[in-house]
Amino acid sequence: MTTGKVTTGQVTTGQVNHGQMNIELTETERARILAKSALFDPPSATTADGRRDLVGLSREQLAAEMVAIGEKPFRAKQIWHWIYHQGETDFARMSTIAKPMQETLAEKFIVGRPVAAEVQTSIDETRKFLFRFRDGQEAETVYIPDRQEDRGAVCISSQVGCTLSCRFCHTGTQTLVRNLGPAEIVGQFMAARDSYGEWPSPHGETPRLLSTIVLMGMGEPLYNYANVAQAMRIVMDNEGIGLSRRRITLSTSGVVPMMDRVGEELGVNLAVSLHAVRDDLRDEIVPLNRKYPIKEVLAACRRYPGASNSRRITFEYIMLRGLNDSEADAHELVRLIAGMPAKVNLIPFNPWPGSAYEPSTPAQIDRFAKIVMDAGFSSPVRQPRGRDILAACGQLRTESQRNRA
Ligand code: SAH
Ligand code: SF4
C-alpha cells in the first residue's frame, strides 16, 4: 500500500511539504476508510448448500467462475444476458444453454434475489420493500413512481444502518450493522423490477417504469464504496440492465476523500447533503462535518469531474423549522455555491417516531426557494412521498442489529 510511508508523526512535526502532505494524508484517510469498512463486510456469496450466487459478480469474475467449472469464458456473456437483461433466475429457462450445462449450472450456482419480507404501497403509490438478505439482515428500498409519466426512481440502500448519526435521520438512529454487498445492492433493483414485471430490460428510448436509481436509502454509500461501485458498474453495463450513469445519482453526506473517486471511476450524478451553511450548525446536525467541514465539501464539489451545466451537482437541503431556513441562510447558501453548476433540492423535514424537529412552514420554504432561484439556481421543493408508510427521505430504518457472535 502506498500509504505505508506516511505516519502521524511526520504529519504533526510538519516536516513535509504542505501540498504533498495533503495528498498523502488523503491517501491515508482513504486506506483508513477502506480498512474500517472491511469490519462490516457482507456475508459470503455462497449459500448453505455450497452454491455460489452469480449476481453481483463482475463480468471478469463471472468468466472466472465459468472457467473454474471447465466452461469457456464466453459463456459468461450468455449468462450475463440472461441474468441482467432477461431477469431470469432459473437456469432451466435459459434456452440458449444446452440442458446438460443448465444442470451443471444449477448444481453449482444460483441467481439470487433478496427476499421481500414486507411490501407496502402508499396512498401516493410509492412502494416500500423490506428486503431480507441471506444472513437475515434487512434493509429498505423504495420505488417512487413519477406522478405524470410511466417512469420512476428506485431509492436503494447501501448499508444496513449507518455509522453517521445525522440528527434528523431515522437511519442514523440505527448503528451500522454491516455493508451491503454488490449482489444485495443490485439485487434491490432487480427484485423491485420483479415486482413491476419489468423484464427484459427496456432498450434505448423505450420508457421504463424503473428509470432512475438514487443511492439515497439507508447508509452512506461512500463508506461502502467498493461494493457500491461494483453494483453500479453492473447496473450500467449495456448488455444488461443498461441504465446510463446520467440516470444514477449518488448521495453523500460529504465523505470528501471519496468524492473525487466517484467522479473519476463511475461518473454518476452527485448529490451532497449540505443542510446547513455554517459549520457550527452543520457540526451539530451532520456530525461528519467535524471531519470534513463545509469548505472542504464544497471544494470537492467544485472539482467533481463531469459536473457541467447539463449535469449539475445537487445540493440537498433539509428544511428544519427555525433552524436552517432563514432568508439569511438562503443568501449564504447562494454565496457558498456561487459559480458552481448546481441545483438545490429543498427537502421539507420528514418526521419519524421520536424525531426532534419540525418541518419548515410552506411559506418559509417558498421564501427560501425564491432567494435561491433568483440567484440562478433551480430550487425545487422535494414533495414528500410515501410518508404514510415511512418511506420518505430519512424515514428508513430496520430492526436489524449487529450480530455480536
Ligand atoms: N447517507 C447519504 C444518503 C442517504 S440519505 C446522505 O446522507 O446523503 C438521503 C437524503 O435524505 C439525504 O440528503 C439526507 O440528509 C436526507 N434526510 C435524512 N433524514 C431526513 C428526514 N428526516 N427528512 C428529510 N430528509 C432527510
Ligand atoms: Fe447516514 Fe445519510 Fe442518514 Fe446521515 S442522512 S445518518 S449519512 S443515512
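No lab work stands behind these numbers, since they all come straight from the coordinates. Nothing here was measured: the structure is a model prediction, and the numbers come from that model. A quick note on method: Cβ atoms are made from the backbone with ideal geometry, for glycine too, and the neighbour counts reach across all protein chains shown.
Counting only aspartates and glutamates at least 8 places from LYS72 when in the same chain, those with an alpha carbon closer than 13 Å to its own are GLU60. Projecting the Cα atoms of ALA35, ILE248, PHE91 onto the charge dipole of the chain, computed from C-beta unit charges around the Cα centre, puts ALA35 farthest toward the positive end.
Panel order for SER326, SER251, by other beta carbons found within 10 Å of each beta carbon, from fewest to most: SER326, SER251. DSSP assigns beta bridges within the chain; of those with both partners inside it, close to 45 percent run antiparallel.
Listed by chain and number, the aspartates and glutamates placed with their C-alpha closer than 16 angstrom to that of LYS108 are ASP49, ASP53, GLU65, GLU71, ASP90; residues fewer than eight positions away on the same chain are left out. For the stretch 217-292, GluC sites (Glu not before Pro) are listed when DSSP marks them as loop and at most 13 other Cβ atoms sit within 10 Å of their Cβ; the list is GLU239. Under 4.7 Å Cβ to Cβ, no partner at all: give me those cysteines from the chain, in residue order. That list is CYS155, CYS162, CYS301, CYS393. Here LYS291 is the anchor, and the lysines within straight C-alpha reach of less than 20 Å, apart from those fewer than 8 places off in the same chain, are LYS36.
In the chain, helical runs assigned H by DSSP with n ≥ 4 each contribute -39500 (n - 2.57); averaged across all residues and rounded to the nearest 500, the mean residue ellipticity at 222 nm is -9500 deg cm²/dmol. With neighbour counts taken as other beta-carbon atoms within 10 Å, the residues VAL177, VAL115 rank, fewest first, as VAL115, VAL177.
When each of GLU107, GLU205 is scored by the number of other beta-carbon atoms lying within 10 Å, the sequence from fewest to most is GLU205, GLU107. Around the Cα centre of the chain, unit charges on the Cβ atoms of Lys, Arg, Asp and Glu (plus for the first two, minus for the last two) sum to a dipole of about 440 debye.
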